[in-house]
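Everything below concerns the one structure shown next.
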Amino acid sequence: MDFLTLVQILDSTIRLATPLLLACLAGLYSERSGIFDIGLEGKMLAAAFFSGAVAFQYDSVWIGLLAGIGASMTLSALHGAASITFRGNQLISGVAINFLAAGLTVVIAQDWFKQGGRTPPLEGPARFQPIDWPGAQAMRADFLAARAENPDHFSLSPIYFDLISGHTILVYIAILAVPATWWLLFRTRFGLRLRAVGENPEAVDTAGVSVIALRYAAVGICGILCGIAGAYLATALQAGFVKDMTAGRGFIALAALIFAKWRPVQALYATFLFGFLQAIALRPNAIEGLLGFKVQVQLLDALPYILTVVILAGFVGKAIPPRAGGEPYVKER
Amino acid sequence: MQKMPQWADVFLIPVISLLIATFLSGLVILAIGENPIEAVKIMITGSLASTYGWGYTLYYATNFMFTGLAVSVAFHARLFNIGGEGQAALGGLGVALVCLSFDWPHWTLALPAAIVGGAIFGAAWAAIPAYLQARRGSHIVITTIMFNFIGAALLNYLLVNVMRPQGAMDPASARFPDGASLPTFQDMAGIFGVTMFRGAPVNVTFFIAVLACFLVWLLIWRTRLGYEIRAYGHSETAAVYAGISPFKITMIAMLISGALAGMMAINNVMGEAERLVLNSVEGAGFIGIAVALMGRSHPLGVALAALLFGFLYQGGAELSLWSSIPRELIVVIQALVILFTGALDNMVRMPLEKAFLKFGKGGA
């Protein structure tokens, strides 16, 4: 495998890891506050549809992004109502949200656009466009010219113009969200309380801080991040919404969250690892060239889940979830 | 003190939840500019007005009885088995291997073998998450979700690379031998010289599903093991004091659950498709969750809820044929049922409990 192929694979790794990273951080806020969320998939799907549909309608990707976040937060509010206010089963609520999104997006899309449950293709201002960093275009031209002269020309410049430059704004937002999340969770009072409420809500309540408000705040942040993740799928990674376009990404994000043991920086590593697996699955020839034998695509598809089960089993380090996770908080006890 | 009479708990709450779900679904239909009354008419005509419609309704109900029972048995041990989809898919593999391995002379011989095959493969797929939960404390919901995806990838690999007959294009196994073909209701009616259920896939598996409901009832409420499962589900600490092993109960409950999900395959793989195709389960494993919640984890409730969902499925298919409402509306209804009977149960229960307390006082 030559250097350029590697850069291309890493480039698609970044593209494919971005929605996983955003959804993984979304789950991190929710689960750190003690609310399990297996509805990440549904929230992303709803956001993907509404961002695509509204971006098409108004020919503006930013209005689309807002609509996507709004849709995702509506489902978050539902999850919050079920699991915080009515003390219902958080897992069942997550399952319901996934189905609600899977069904409603197609029903509404069919009614709205009559194209078999998809939005029309997005173009121009209705999509997020790649951002070129200063000098990247000139560097690419230089590189291609040198390459035309001498096919063995080698330079590290593709790392800059292909890998670092040329992504949509949401990719950079996702990566910046990692240090931001770390800072918020581990360096602010809000973060301390959020983590405490997921471990020992009684203590937080005794200190006079509202458990309910903190958990709603966490679920709300989760909704925003899932909304961005969904909007990225429909308006940046692809040009429009298609039925079931999340394709299990919400669950891969959930797997990454466990793999990262509910920590933000490790979430970055985990999602990039899983993004890398998706990227090489798209290029079976490259792996064959590298390893000398054929790796089944299905194995690459299943690998994130297998790795997560191994981690969960505690054979490689132990993944311990927040202690109060999944338990509704009852004040009077 | 009991806040509500038992009939309200087992009957009134599910019915009210169902009414809310129906009402909201009606609003969705209105919102997309269709007539809800007309939609219900199409659904009833399509699924209940002919023996053909009934044949499909009962066929779907058979699937949902198995997956609903699977979720219910795990619920009794307070385990949420969300992996019915994967277990049913693996059950399909077991059934296919049994059917293909031998040129079966008659279905009465093939059926018991296929039941065992499906049950063993389904149980095996539940065994690893169960063991990890019991010994390692890994959350069973997460591991069973992961196993759904791993199972899908495994079947995809096997059907594309291993089980596909030479020269065939679509990823599916070879056809099962004729001796493994289960009699449909149409065949059975034919014995009496009546033409009924023409072309509908409902088959002898329906009776196995009904029998399974009865056996699960017997197991849960009439045996020592069932008592232990329920005791463990109510309170793990109390169960440990009573000498019940959490490891044993977790394993047994999940193995039974997986086996029931796997047995669904005798209906859809052996009874209907007569070969193993990709994604043969088609979401029935997840519908089992809605069915178990709706049926309050009681086999009778599960059977009724399975019938209701069978009706919704067949009705939904007719709806997408005869109106512009897509099939996915059924997924919305399914989501609302799960939401109101499962997650928002307290929203229905709390006001009702208050009403009963007030009413009870007034009467006394």
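The values are calculated or read from the model by the stated rules, or taken from the named source; none is laboratory data. Given the structure is predicted, the values throughout are model-derived calculations rather than measurements. No Cβ is skipped: glycine too gets one built from the backbone with ideal geometry, and neighbour counts run over all protein chains shown. What goes into the accessible areas is simple: the full protein's heavy atoms, side chains included, and nothing from ligands, DNA or RNA. Shrake-Rupley method; radii C 1.70, N 1.55, O 1.52, S 1.80 Å.
Okay, here's what the table says:
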{"read-out": "Highest-first arrangement of B:331-343, A:104-116, where packing means the average Cβ count within 10 Å", "value": "B:331-343, A:104-116"}
{"read-out": "Test item: A:253-263 mean partner chain Cβ contacts at 10 Å", "value": "1"}
{"read-out": "Cα convex hull volume per residue for region A:28-88 (Å³)", "value": "74"}
{"read-out": "Chain pair A, B: total accessible area buried, heavy atoms, 1.4 Å probe, Å²", "value": "3500"}
{"read-out": "Virtual spin-label span in nm between B:Val116 and A:His153, 7 Å along Cα→Cβ", "value": "7.1"}
{"read-out": "Apportionment of accessible area to carbon and sulfur, the protein assembly as shown, percent (1.4 Å)", "value": "65"}
{"read-out": "Minimum 50 Å² accessible area buried by the other protein chains, region B:75-102 residues, probe 1.4 Å, relative to alone", "value": "B:Phe80"}
{"read-out": "Derived scalar couplings ³J(HN,Hα) [region B:261-272; Karplus, 6.51 cos²θ - 1.76 cosθ + 1.60; whole Hz; x for Gly, Pro]", "value": "4, x, 5, 4, 5, 5, 7, 7, 8, 7, x, 9"}
{"read-out": "Heavy-atom accessible area ranking, 1.4 Å probe, most first, across A:Trp182, A:Trp62", "value": "A:Trp62, A:Trp182"}
{"read-out": "Rough spin-label spacing in nm, given labels placed 7 Å along Cα→Cβ, for A:Gln129 and B:Ile244", "value": "6.5"}
{"read-out": "Test item: B:20-28 mean partner chain Cβ contacts at 10 Å", "value": "1"}
{"read-out": "Integer Hz, Karplus 6.51/-1.76/1.60 couplings in order for region B:153-160, x for Gly and Pro", "value": "5, 4, 5, 4, 4, 5, 6, 6"}
{"read-out": "Chain A: calculated mean residue ellipticity at 222 nm from DSSP helix runs of at least 4, using -39500 (n - 2.57)", "value": "-22000 deg cm²/dmol"}
{"read-out": "Area projected by the alpha carbon convex hull of region B:204-287, averaged over all directions, nm²", "value": "6.5"}
{"read-out": "Projected label distance in nm at A:Ser210 and B:Leu300, using a 7 Å step from Cα toward the beta-carbon", "value": "4.5"}
{"read-out": "Rounded tilt (10° steps) of A:189-199 against the dominant C-alpha axis of chain A", "value": "70"}
{"read-out": "Out-of-range pairs (alpha-carbon distance over 30 Å; input A:Lys43/B:Lys354; A:Lys331/B:Lys358; B:Lys41/B:Lys358; A:Lys43/A:Lys261)", "value": "A:Lys43/B:Lys354; B:Lys41/B:Lys358"}
{"read-out": "Heavy-atom surface of the protein assembly as shown, accessible at 1.4 Å and reported per residue (Å²)", "value": "42"}
{"read-out": "Estimated FRET transfer efficiency when R0 is 56 angstrom, pair A:Thr74-B:Ala49 (beta carbons, to 0.05)", "value": "0.90"}
{"read-out": "Gain in span if fully extended, A:Leu163 to A:Ala141, counting 0.36 nm per residue against the direct Cα distance", "value": "6.4 nm"}
{"read-out": "Theoretical FRET efficiency, 1/(1+(r/R0)^6), r = Cβ-Cβ of B:Arg175 and B:Trp221, R0 41 Å, to 0.05", "value": "0.50"}
{"read-out": "Cut-off 18 Å (backbone N to label point 7 Å along Cα→Cβ of A:Trp112), residues of region B:17-34", "value": "B:28-34"}
{"read-out": "Estimated dipole of the protein assembly as shown in Debye, rounded to 20 [Cβ of Lys and Arg +1, of Asp and Glu -1, Cα centre]", "value": "1980"}
{"read-out": "Computed over the protein assembly as shown, Kirkwood Rh from alpha-carbon pairs, angstrom", "value": "26.8"}
{"read-out": "Selection from B:Val204, B:Thr184, B:Pro165 lying farthest towards where the dipole of region B:141-278 points positive, charges on Cβ", "value": "B:Val204"}
{"read-out": "Signed unit charges on C-beta, dipole axis of region B:62-305, positive-most listed residue B:Gly68, B:Val141, B:Ile115", "value": "B:Val141"}
{"read-out": "For region B:62-305: Kirkwood Rh in Å [reciprocal of mean 1/r, alpha carbons]", "value": "18.2"}
{"read-out": "Diffusion constant of chain A at 4 °C, which comes from Stokes-Einstein with the Kirkwood Cα-pair radius and 1.567 mPa s, µm²/s", "value": "62"}
{"read-out": "Ellipticity estimate at 222 nm from DSSP helix runs (n ≥ 4, -39,500 (n - 2.57)) divided over chain B, nearest 500", "value": "-22000 deg cm²/dmol"}
{"read-out": "GNM flexibility winner over chain B from B:Pro129, B:Pro351, B:Pro36 (Cα, springs under 10 Å)", "value": "B:Pro351"}
{"read-out": "Residues along region B:324-364 losing 30 Å² or more of accessible surface when the other protein chains are present rather than the chain by itself (probe 1.4 Å)", "value": "B:Pro326, B:Glu328, B:Val331, B:Val332, B:Ala335, B:Ile338, B:Leu339, B:Ala343, B:Leu344, B:Asn346, B:Met347, B:Met350"}
{"read-out": "Among A:Thr188, A:Phe49, A:Phe154 the positive-end extreme of the charge dipole of chain A (Cβ point charges)", "value": "A:Thr188"}
{"read-out": "Long-range amide H partners of A:His167 with built H, under 5 Å", "value": "A:Ile131"}
{"read-out": "Listed residues B:Ala174, B:Ala238, B:Ala113, most fluctuating in chain B (Gaussian network, C-alpha, under 10 Å)", "value": "B:Ala238"}
{"read-out": "Per-residue HN-Hα couplings for region B:183-190 [Karplus 6.51, -1.76, 1.60; θ = phi - 60°; Hz; x = Gly/Pro]", "value": "x, 8, 4, 4, 4, 5, 5, x"}
{"read-out": "Magnitude of the charge dipole, chain B, Cβ model with Lys/Arg +1 and Asp/Glu -1, debye to 20", "value": "1120"}
{"read-out": "Extension gain, A:Ile306 back to A:Phe293 (0.36 nm per residue minus Cα-Cα distance, nm)", "value": "2.6 nm"}
{"read-out": "Chain B: most fluctuating residue of B:Val281, B:Val95, B:Val162 per GNM, C-alpha cutoff 10 Å", "value": "B:Val162"}
